[in-house]
Amino acid sequence: MQTTQRISPAKAISGSLSLPGDKSISHRYALIGAIAEGDTSIANYSTGADCHSTLGCVRALGIEVEGAGTEFVIRGKGLDGLRAPAGDLDAGNSGSTIRMLSGILAGQPFASRIFGDESLSRRPMQRVMKPLAQMGARIDARDGQFPPLRIEGGSLRAIDYTLPVPSAQVKTCVLFAGLYADGSTTVTEPIRSRDHTEIALREFGADIAVERRKITIAGRPRLEGRELVVPSDLSSAAFFLVAALLVPGSHLSIHGVGLNPTRSALLDFLVGMGARIRVPNLESQNGELIGDLEVEYSELQGGTIDGGLTAALIDEIPVLAVLGAATEEGLTVRDAGELRIKETDRIHTVVENLRLMGVEAEELPDGMMIPGRQKLHAAKLDSSGDHRIAMAFAVAALRADGESVIEGADAASVSFPEFWDTLERCTG
């Protein structure tokens, strides 16, 4: 049953926040931990439903997972330690789970079937199916491209694969399959994407080389369990950064955030528009950069997101679109066709909800144009079952001229179950 949230305009966004663990890193630590030898302990694991879908799949493949909340121990059994699941593997709403785990399943000496919820079942999987087939896996899909996927694994061939479009999930899928291949597998990216997989594999002991946009991994490494701490999620922090930038009088601190250079384009983009954001300290942990963020209300110029920047900011575009309406020059987004095949068609859904709030916005085939200096009006808004839409328009409602209603607010639990409580805390 869908839930509804009523959001009143905020007087200010203030306080000090610690946010849940990064989703991208949590998925990767759990999956690599399962095929490493020995125990991997993970602190600050993401509380999002997607990351728990990954843990559920790991358990179904015969790996013992102990713990609860944000602390887990994964008792890895090595590359060849997984066993055939008793039933279908459930990826839930998680595109990360189904795409990345498919690379591991392709190297197994058994067949498996992995499916997802109604939303995931509409998301095409040809981008992972094609390279895995080149490596020797046999994969069947509904209508040739949609989940469920039936993967018949076995001996894999190393390949040299160039991604047709930038995707960290597809890159990860091929690198994970490369762990099971004879020889070295190379993935070349058209644009550099987030590199959590490369960092994590190196931490676990894989032989991996990175040269600009070319990543090469040697097959059949001995991966060893590790003690790991997941940084707080910059994608989750983005909603609160934008909220503080939107609402006059705001001043907010966010602690222990992952500031990986392939993800921190968000901060560069905001600062480039005139945002007052400070990083008072920075350190490295398990190969990942983490730091605290301090942000305060700022009058922003506006900007354009296109090319490589679009790939770097793809998850943050919904909330940045909200911010764009309040800037001086507005926001233009291009090269973002990928947004049309997310949990919903995010280009259409963002523009539709902005219009409901009285904002002029133009939908483009691969993006949107949002003029600046616009006021946000209270409205009844629909998440369309998409977690990022629910949270982005909750942020928009903080700057509206009255109480707004978010229908399908429960969608936020996919990635950030604590979102509504955290929002209430920092709005007083």
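Read the figures in this text as sums done on the coordinates, not as results from a lab. This structure is a prediction, so every number in the text was calculated from the model and none was measured. Neighbour counts run over all protein chains shown; Cβ positions are idealised from the backbone, glycine included.
Values as computed for the structure displayed
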read-out	value
Fraction of antiparallel bridges per DSSP, the chain only, in percent to nearest 5	70
Equivalent-ellipsoid semi-axes of segment 23-229, from the Cα gyration tensor, Å, largest first	22, 20, 16
Cα gyration tensor shape of segment 287-427, rounded if a/c is under 1.5, else prolate or oblate by comparing a/b with b/c	rounded
The chain - Rg (one decimal) and Dmax (whole number), Cα, Å	21.0, 62
Calculated SAXS-style log₁₀ I(q)/I(0) at q = 0.15 Å⁻¹ - segment 233-363, Debye, Cα scatterers	-0.72
Semi-axis lengths, Å, segment 336-393, gyration tensor of Cα atoms, sqrt of 5 times eigenvalues	18, 15, 7
Footprinting exposure proxy for His387, His52 (fewest neighbouring C-beta atoms within 10 Å first)	His52, His387
Top of Ala209, Ala378, Ala30 by mean-square fluctuation, Gaussian network on the chain, Cα under 10 Å	Ala209
Cut-off 12 Å between beta-carbons: net charge of the residues surrounding Phe269, Lys and Arg +1, Asp and Glu -1	-2
Relative contact order, percent, segment 3-76 [alpha-carbon distance under 8 Å, six or more residues apart]	34
Segment 226-327, dipole about Cα centre (Lys/Arg Cβ +1, Asp/Glu Cβ -1), debye to the nearest 20	80
Residue among Val359, Val295, Val210 with the largest mean-square fluctuation in a Gaussian network model of the chain, springs linking Cα atoms under 10 Å	Val210
Within segment 23-229: Cβ-based charge dipole about Cα centre, in debye rounded to nearest 20 (Lys, Arg +1; Asp, Glu -1)	600
Global form of segment 181-260, assessed from the alpha-carbon gyration tensor, a/c cut-off 1.5	oblate
Within segment 187-339, percent of DSSP bridges classed antiparallel, to nearest 5	85
Label-point gap, in nm, between Val405 and Glu424 - each point 7 angstrom along Cα→Cβ	1.9
Computed [θ] at 222 nm, helices only, for the chain once each DSSP H run of length n ≥ 4 contributes -39500 (n - 2.57)	-9000 deg cm²/dmol
When each of Lys77/Lys171; Lys11/Lys342; Lys11/Lys375; Lys171/Lys214; Lys130/Lys214; Lys23/Lys380 is checked by Cα-Cα distance, pairs over 21 Å	Lys77/Lys171; Lys11/Lys342; Lys23/Lys380
Sorted by Cβ neighbour density within 10 Å, fewest at the top, the residues Thr327, Thr162	Thr162, Thr327
Residue exposure sequence - Phe416, Phe110, Phe115 - by fewest surrounding Cβ within 10 Å	Phe110, Phe115, Phe416
Length added when fully stretched, Arg276-Ala209, from 0.36 nm per residue minus Cα-Cα	20.5 nm
Dipole moment magnitude, nearest 20 debye, segment 109-188 about Cα centre, only Lys, Arg, Asp, Glu C-beta charged	100
The chain, relative contact order [Cα under 8 Å, separation at least 6], %	19
Between helix 49-60 and the chain: long-axis angle, C-alpha atoms, 0 to 90°, nearest 10	10
Degrees separating the helix 126-135 axis from the principal Cα axis of the chain, which is the longest one	20
Hydrodynamic radius of segment 1-91 per Kirkwood, over alpha carbon pairs, in Å	14.9
Theoretical FRET efficiency, 1/(1+(r/R0)^6), r = Cβ-Cβ of Lys380 and Ser121, R0 22 Å, to 0.05	0.20
Positive-end extreme of charge dipole, segment 23-229 - chosen from Ile74, Ile114, Met135 (charges on Cβ)	Met135
Excluding exposed DSSP-loop trypsin sites (Lys or Arg not before Pro) (at most 11 other C-beta within 10 Å), longest clean stretch of the chain	1-211
